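One structure is given here, and the rest of the page talks about it.
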Amino acid sequence: MVVFSLSANTIAPLMTSIQEGFEISVGKSAIIPFINTIGVLSANIIGSFLIAQIGIKRYLSISFLIALAGSTAFVFSENFLILLLSVFFIGASTGAAFTSLSTTISHLDKKYQNFGMLNAFFGVGGILAPIITSYFLAQNLNFRAIYLIYLFLFLLLLVYLNTSKMMGNIKYEAIKLLEAFHIIKKRLILFSLLIFLFYSGTEISVITWAGNLFVDLFDYSKELSSLLLSYFWITFTVGRFFTDWMNKKFTELKTIIYSSILFFISLGFILIFQLPYFFIIVGLAFGPIFPSIQKFANQKLPSREVGLFNGLSFASTGLGAMIISTSMGVIADFNMMLSFSVPYLTFSLIIILSLLLKKDYTK
């Protein structure tokens, strides 16, 4: 989870360097997260149907192979087209890995299904990625070479996965297309997928365009912007480590509602008073939301359906990022402040959906 997070979260702090290196505008660079999420979306839609049939371990191995392709392409990306190809593979590998790992956790005994802990290690990668990026920028090193490190780590993990006995290749009877549609129509799954879409789309968008907000609008340096992203990931990870405790104290759905309100307040301080350090509190607010809805839905679904659900949940995150991140990038070309008002709409919808689910399961 850490290594896949490094690969996924290095793109955001590199965004301004990519814009300069390839001589592209903010609006044109909006295609980068768009292509990345197309990769996530593709891997998870395909994986949601294949994972039961080919097995969890085999699908995780495929994700490593795609990651190797993406890292290699990024290292040698001398033109924008190759960069976009690499970003697609990076997204696909991340989506496939998260589906596999989440499905593995959902097959444990319920008392061990700590989705907050699993996702916290995504935050660990998020902490390290801007630090690594900041070092490369400060040393005037080629930013493409960062992915040479990730390529080596992916190769080591692929070898370890297939030479150790860390996990079995759990399989189920394949879910057919018509049956899948009937499963998706369940209110629990549909509302959960929409929460994933609005939350992840907003999270990725805020992270992606924070650099431009701080550098272009608030006139901070790229190095400081990168460090703010690192601080964000520290509190984001802390929030995820405490998610299980919050779920037990408040319930999963109340955790989502309280975290959303905290996000509203923090983003307001950033935009109204131009206090970028409140971005750290945004990380704390974001942390518990994803694992809370993931745990809530996974524990109420039959084991055979969780692979499909986890695949579609990450596909919905990709779809959300594709729509919301691209929209915010295009709006930012005209008005950066207006762009950062979009999250208020998406998180209002998250609160409404959470309240509806809460009503369903407290009857």
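Where a number appears in this text, it was derived from the coordinates with a stated rule and is not lab data. Only a predicted model underlies this, so the values are computations on that prediction, with no experimental measurement involved. Here the Cβ positions follow ideal geometry from the backbone for every residue, glycine too, while neighbour counts run over all protein chains shown.
What ranking do 123-129, 6-12 get when scored by the average of other Cβ atoms within 10 Å per residue, highest first? Can you show the working numbers first?
On the way: 123-129: 22.4, 6-12: 24.4.
Per-residue mean Cβ counts within 10 Å order the peptides as 6-12, 123-129.
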Quiz item: What ranking do Arg144, Arg187 get, fewest neighbouring Cβ atoms within 10 angstrom at the top?
Solution: Arg187, Arg144
Self-check item: Per-selection metrics, the chain (Cα): Rg and Dmax in Å
Solution: 19.3, 60
Self-check item: 5 angstrom amide H check on Tyr220, placed H, neighbours 5+ away
Solution: Val215
Exercise. Taking the Cβ of Gly126 as the centre, find all other residues whose Cβ is under 11 Å away and add up their charges (Lys, Arg: +1; Asp, Glu: -1).
Key: 0
Self-check item: Label-point gap, in nm, between Thr251 and Gln299 - each point 7 angstrom along Cα→Cβ
Solution: 1.2
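Can you sort Thr346, Thr317, Thr251 by how many other beta carbons sit within 10 Å, fewest first?
On the way: Thr346 20, Thr317 27, Thr251 16.
With the fewest neighbours first, Thr346, Thr317, Thr251 line up as Thr251, Thr346, Thr317.
Indicate the gyration tensor shape class of segment 195-301 (rounded, prolate or oblate), computed on the Cα atoms with a ≥ b ≥ c the square roots of the eigenvalues: a/c under 1.5 is rounded; otherwise a/b larger than b/c is prolate and the rest oblate.
Because a/c hits 1.5 or more and a/b exceeds b/c, segment 195-301 counts as prolate.
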Exercise. Determine the gain in length on full extension of the stretch Phe334-Phe181; use 0.36 nm per residue of separation and subtract their C-alpha separation, reporting nm with one decimal.
Key: 51.1 nm
Self-check item: Peptides ranked, highest mean first, by Cβ atoms within 10 Å: ranges 226-232, 200-206
Solution: 200-206, 226-232
Practice problem: Give a residue-ordered list of calculated ³J(HN,Hα) values for segment 227-238 (Karplus: 6.51 cos²θ - 1.76 cosθ + 1.60, θ = phi - 60°; whole Hz; x for Gly, Pro). | Solution: 5, 4, 5, 5, 4, 3, 5, 5, 6, 4, 5, 4
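So how do Phe264, Phe279, Phe191 line up by other beta-carbon neighbours within 10 Å, fewest first? It would help to have the intermediate numbers written out before the result.
On the way: Phe264 14, Phe279 23, Phe191 18.
The most exposed by this proxy come first: Phe264, Phe191, Phe279.
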Practice problem: For segment 14-31, just list the computed ³J(HN,Hα) in residue order, Karplus coefficients 6.51, -1.76 and 1.60, θ = phi - 60°, integers in Hz, with x standing in for Gly and Pro. | Solution: 8, 4, 5, 5, 5, 4, 6, x, 9, 6, 10, 7, 4, x, 5, 5, 4, 5
Practice problem: Calculate one ³J(HN,Hα) per residue across segment 188-203 by plugging θ = phi - 60° into the Karplus curve 6.51 cos²θ - 1.76 cosθ + 1.60, and present them in order as whole Hz with x for glycine and proline. | Solution: 4, 5, 4, 5, 5, 5, 5, 4, 4, 4, 5, 5, 5, x, 5, 4
